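The values are calculated or read from the model by the stated rules, or taken from the named source; none is laboratory data. Being a predicted model, the structure only gives us computed values, none of them experimental. We place every Cβ from the backbone using ideal geometry, glycine too, and count neighbours over all the protein chains shown. What goes into the accessible areas is simple: the full protein's heavy atoms, side chains included, and nothing from ligands, DNA or RNA. Shrake-Rupley method; radii C 1.70, N 1.55, O 1.52, S 1.80 Å.
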Amino acid sequence: MVTGWFAGDGDGFRLLGTRCAVCASVFFPREDVHCRNPDCAGGELLEVPLSRLGRVWSYTDSRYRPPSPYVTDPELPWEPCTLIAVELEAERIVVLGQAAPGVTVAGLTVGMEVEAVPGVLGEDAETVWTTWHWRPTGVRA
């Protein structure tokens with residue numbers, strides 16, 4: 001798990017971003033040092049939960065083994081995954097993430113409503129690495 005990037009579970013699951021107190025720009029991943037808006041002199045950065053729902057902005061399938069921090073066993077064959085870029089309208093940002101298991105490009109359309117849900121990035125005998133996934137609304141695992 002990447003500390004400070006998300007919190008909660010079930011319907012309380014949220015990605016965590018930061019909002020500049022001066023210009024109200026929202027950042028994800030979070031920003032804890034300075035406002036990234038080049039037109040802002042900067043101010044206090046406040047942690048904010050992001051919208052749980054968004055709309056598919058773009059999507060693709062990943063047919064290559066991703067680099068770190070994704071954890072994969074090089075001894076096992078790579079299995080493609082679906083990646084979704086989701087526009088969070090209230091925050092006016094696009095957040096990239098993997099689709100929930102079972103969601104493929106064949107089942108996605110631009111503009112479709114999706115929700116952020118907890119997911120598993122990888123696991124071994126001692127550790128489960130958690131992340132977020134995007135899942136079409138109304139679909140339950």
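Does Thr72 fit the bill of being closer than 18 Å to Leu15 by Cβ, among the polar types (S, T, N, Q), more than 11 Å from the chain's Cα centre (by Cα) and open to solvent by less than 70 Å² (accessible area, probe 1.4 Å)?
The answer is no for Thr72.
Would you mention how many residues in the range 120-141 are outside any strand (DSSP E or B) and either at negative phi or of a type in the set (Val, Ile, Thr) (or both)?
Summing the residues that are outside any strand (DSSP E or B) and either at negative phi or of a type in the set (Val, Ile, Thr) (or both) in the range 120-141 gives 8.
Quick check on the range 119-132. Is at least one of its residues modelled with pLDDT under 95, of a type outside the set (Gly, Ala, Ser) and in contact with a helix residue (DSSP H, G or I) (Cβ under 9 Å, 6 or more places away or on another chain)?
no
Name the residue, out of Val22, Val86, Val117, that is in a loop (DSSP other than H, G, I, E, B), among the hydrophobic types (A, V, I, L, M, F, W, C) and either in contact with a Phe, Trp or Tyr (Cβ under 7 Å, 6 or more places away or on another chain) or within 22 Å of Gly4 (Cβ to Cβ) (or both).
Testing whether each residue is in a loop (DSSP other than H, G, I, E, B), among the hydrophobic types (A, V, I, L, M, F, W, C) and either in contact with a Phe, Trp or Tyr (Cβ under 7 Å, 6 or more places away or on another chain) or within 22 Å of Gly4 (Cβ to Cβ) (or both) leaves just Val22.
Report, by residue number, each residue of the range 33-57 that is closer than 28 Å to Thr137 by Cα, part of a strand (DSSP E or B) and open to solvent by 30 Å² or more (accessible area, probe 1.4 Å).
Selection gives Glu47, Pro49, Leu53, Arg55, Trp57.
So is Ala106 without any contact (Cβ under 8 Å) to a residue 40 or more places away in the chain and exposed (fewer than 10 other Cβ atoms within 10 Å of the Cβ) or not?
Here the answer is yes, as Ala106 does meet what is asked.
Going residue by residue through the range 17-32, is there one that turns out to be buried (at least 17 other Cβ atoms within 10 Å of the Cβ) and in contact with a helix residue (DSSP H, G or I) (Cβ under 8 Å, 6 or more places away or on another chain)?
No, the conditions are met nowhere in the range 17-32.
Given the residues Val94, Val103, which is the only one that is out of contact with any helix residue (DSSP H, G or I) (no Cβ under 7 Å at 6 or more places or on another chain) and in a strand (DSSP E or B)?
None of the others qualify; the one that does is Val94.
Is at least one residue of the range 120-131 without any contact (Cβ under 8 Å) to a residue 60 or more places away in the chain, open to solvent by less than 60 Å² (accessible area, probe 1.4 Å) and either aromatic (Phe, Trp, Tyr) or in contact with a Cys (Cβ under 8 Å, 6 or more places away or on another chain) (or both)?
No, the range 120-131 contains no residue that is without any contact (Cβ under 8 Å) to a residue 60 or more places away in the chain, open to solvent by less than 60 Å² (accessible area, probe 1.4 Å) and either aromatic (Phe, Trp, Tyr) or in contact with a Cys (Cβ under 8 Å, 6 or more places away or on another chain) (or both).
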